[in-house]
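The values are calculated or read from the model by the stated rules, or taken from the named source; none is laboratory data. This structure is a prediction, so every number in the text was calculated from the model and none was measured. Counting neighbours? That spans all protein chains shown, and the Cβs are built from the backbone with ideal geometry, glycine included. SASA here: full protein model, heavy atoms, side chains in, ligands and nucleic acids out. Shrake-Rupley method; radii C 1.70, N 1.55, O 1.52, S 1.80 Å.
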Amino acid sequence: MNETLTIALESMVIGALIGFGASAGVARMFHAPKVQGMGAFRTLGELNACENDPVAHFSFGLGFFFNAWASAVGTGALTSDVDHRIVPHWAAALSMTKNRNLDETLHNPRRMAAYGACVGLVLVTVLNTTAASIPHSLQKVAADVLGPASEWLINPVMPIVFWMAAVDAGRRSGGWGTVLGGLAHVVMGNAVPGIVLGIVVGKGIDDLGWTRVTKSLAGAVVTLFVVSAFLRGVDIQLLQQMKADVPHWLSRLHDATGTTPTK
């Protein structure tokens, strides 16, 4: 059997299984803790940030498609963006094309599983067959061309799109998204996770007010940023850039935990 045909058939099976499991698991996350969900917190937040707009879901997935394609062509490996971002968002876009009822679309595990299986079947097949069909001499060229393009989409295009969505979602979501997005860019190098968390916190405050739940959520987000900044050595880098002396106890603490930033 032709090698490309073998890869295509195997990719169809694998892609359908990936899409089925990932999409059904994400839909079940909306019903937690009544049922066991399966998916990343970032996926849930990014789905909510698209505000049930099929075009936004498709555009978000498309932004990561080029990065996944470049990775498949250049290295022959699929990134986690395939099952965490592209498949769930494109499945959501297809399910909500004619019906915006969340209970029947994004929150419906059976419907999402069906659409996800179709998306995964086509997506993984396209990625794998494309990677297998391109000569090795052209793979590096393709990676050099698609890589920078995908990086531009992820940063700064996607942060700008999500920041605009946060501002459009309301005063609180815009404020939280702006502050946390700026911190995320400093700490993590990409503002999108902070903006998504800002939208979640802001909308939670709008809907529930300052309750125990929203206070716990805000506290958890602040703690996340503090711990992440410490583990990445952002505090020492900030003091050094300000030409300030780094306290001896802080340097010892980073040395003990192995989080001293590399020079």
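Each row is one residue, and each column tells you yes or no for (1) of a type in the set (Lys, Arg); (2) open to solvent by 20 Å² or more (accessible area, probe 1.4 Å).
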{"site": "91", "(1), (2)": "no, no"}
{"site": "97", "(1), (2)": "no, yes"}
{"site": "101", "(1), (2)": "no, yes"}
{"site": "105", "(1), (2)": "no, no"}
{"site": "110", "(1), (2)": "yes, yes"}
{"site": "123", "(1), (2)": "no, no"}
{"site": "127", "(1), (2)": "no, no"}
{"site": "133", "(1), (2)": "no, yes"}
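What number goes with the only condition from (1) open to solvent by 90 Å² or more (accessible area, probe 1.4 Å); (2) assigned to a helix (DSSP H, G or I) that residue 210 does not pass?
Unmet for residue 210, out of (1) open to solvent by 90 Å² or more (accessible area, probe 1.4 Å); (2) assigned to a helix (DSSP H, G or I): (2).
Among the residues of region 35-52, write down those that are open to solvent by less than 60 Å² (accessible area, probe 1.4 Å) and either touching a residue at least 12 places away in the same chain (Cβ under 8 Å) or of a type outside the set (Val, Ile, Thr) (or both).
Once the filter is applied, which keeps residues that are open to solvent by less than 60 Å² (accessible area, probe 1.4 Å) and either touching a residue at least 12 places away in the same chain (Cβ under 8 Å) or of a type outside the set (Val, Ile, Thr) (or both), region 35-52 yields 37, 39, 40, 43, 44, 45, 46, 47, 49, 50, 52.
Can you tell me which residues in region 161-179 are within 15 Å of the chain's Cα centre (by Cα) and surrounded by fewer than 20 Cβ atoms within 10 Å (Cβ to Cβ)?
161
Residue-wise test of (1) closer than 28 Å to residue 168 by Cα; (2) out of contact with any helix residue (DSSP H, G or I) (no Cβ under 8 Å at 6 or more places or on another chain); (3) part of a helix (DSSP H, G or I); (4) open to solvent by less than 50 Å² (accessible area, probe 1.4 Å).
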site	(1), (2), (3), (4)
195	yes, no, yes, yes
201	yes, no, yes, yes
206	yes, no, yes, no
219	yes, yes, yes, yes
222	yes, yes, yes, no
250	no, no, yes, yes
262	no, yes, no, no
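Return yes when residue 86 is out of contact with any His (no Cβ under 9 Å at 6 or more places or on another chain) and open to solvent by less than 10 Å² (accessible area, probe 1.4 Å) and no when it is not.
Answer is yes for this residue.
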